[in-house]
Structures are given as structure tokens and as C-alpha cells.
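What follows is a short report on a single structure.
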Amino acid sequence: MNRFFLFFVAALSLCCTVAAQNQAPDQAGDAGPASAPVGVTTTVSPEVAQFQKIEDSWADAVNRRDQYGLELVLSPLFVDVSASGDVTTRNQQVAQVISSDDKTVYLTQKVITVRTLGDIAVVNGTYSLRHKVNSTLVEDKGVFTHVFERAHGGWLCINSQRTGVHPEMSAKQKKASSAQMPFHIPFFGKSEKGPEGDKGPQ
């Protein structure tokens, strides 16, 4: 009887050990995917992210009046066309930044699209520039086109074109676009030929 009991206990222990060993891999396999890092989906392309860093460095150099930082972004061949139509070179841009007495200047630039054509990249985006005009704080907003050239393993801007966007113009455009008739046909309106034209068909 004792031998039978010992045999039964030994067999039961062996079965429990085998079962535990068989379940271990399954549990590890089940835990694997759950503990794996979840991928983050982003709509920002590597090119946009790369040039956003460059644009941030550019804006930061302007905001901190950093001559060296600005020269690291702008090519010696750089030409800037401002929203007001002023044309300046890199040296003039640097001189304006370091000699400005306006402590409120704050520039931000957001990249929207990037197109690379070999060693040339065309970057489009939006900008906001806060500054003072006759002691009044204003904020200029608009869109930009920056042309970069690959140089020394990096990118330098060789051309900048800015176009201002005025709030009142945007409001008028929205109002016009919401009209039922988006365009005007003159001959459907009131005649301007005088009393005879106003009589209409008899």
C-alpha cells in the first residue's frame, strides 16, 4: 500500500512538472506581443522633420540675435525677398539682426512641404513674425518659399521669398466664397442705359 501511495505521488509530481514546462513557453509567447513597443504612426516625412530643425535654428538665431547661428543656415549667396518687396543679402540680414533695438522680435517658421531635386531642396511653409512698428506691437503672418542647396554635408538657404497674408483679405475671401453665386455676370444685372433700359420688355 505504501509503495503504491509513493508511486502515485511521484507520478503526480512528474505530471505537474511536465505541465508547467509546457505552459511556460506558451505564456512567454503570449506575453511577447503584449510587451512589444507599439509603433507610433506619424504623417511627418523625414524630409519635413529634417528641414523643420533647420527652420527652427534659423528662427532661434533671429530671436537670440545670434550672428554665428544665422551664418550656419544662410548661404553666402543668400538673397531674401521680404513680404514688402525689400531685397537683402546674407550680410544685410545678419547686420539687421545684430543691430536691431527691437527686443520684441520673435520669429516662428513651420514647414509644410519639402521637395528635393538632387542637391536642391524647395521648402514651403508658414511664418509668424512679431515686432514693433512705431512702438506698436504687431504680428506679421504669411507663407514662405525657401530654396536650399546641399553644402558641406548640410543644407544652406540660398533664396527666401515671403508673402504676407492679411486678415482682412482672408475675411473678404471667405465671405465671397460663401455666396451662392461665386461670380458676377454683368448683363444679368440692372441695365445702365438709362430710363429706356429700365423699362424692360413691353
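The values are calculated or read from the model by the stated rules, or taken from the named source; none is laboratory data. Model, not experiment: these values are computed from the prediction. With ideal geometry, Cβ positions are generated from the backbone for all residues, glycine too; neighbour counts draw on all protein chains shown.
For residues that are over 16 Å from Arg90 (Cβ atoms) and part of a strand (DSSP E or B), scanning just region 149-163, find the one that is nearest to the chain's Cα centre (by Cα).
The extreme case among them is Thr163.
Would you mind telling me which numbered condition in (1) β-branched (Val, Ile, Thr); (2) at pLDDT below 95; (3) surrounded by 10 or more Cβ atoms within 10 Å (Cβ to Cβ) Ile158 fails?
Ile158 satisfies every listed condition except (2).
A quick yes/no check of all residues on (1) crowded, with 16+ Cβ neighbours inside 10 Å; (2) closer than 21 Å to Val48 by Cα:
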site: Asn91; (1), (2): no, no
site: Ile98; (1), (2): no, no
site: Val114; (1), (2): yes, yes
site: Gly118; (1), (2): no, yes
site: Gly125; (1), (2): yes, yes
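Inspect all residues belonging to region 54-76 and state whether any of them is under 25 Å from the mean Cα position of the chain (by Cα), loosely packed, with under 13 Cβ neighbours inside 10 Å, outside any helix (DSSP H, G or I) and of a type in the set (Ser, Thr, Tyr).
There is no residue in region 54-76 that is under 25 Å from the mean Cα position of the chain (by Cα), loosely packed, with under 13 Cβ neighbours inside 10 Å, outside any helix (DSSP H, G or I) and of a type in the set (Ser, Thr, Tyr).
With respect to Val94, determine if the residue is of a type in the set (Val, Ile, Thr), in a helix (DSSP H, G or I), within 18 Å of Gly125 (Cα to Cα) and modelled with pLDDT of 95 or more.
no
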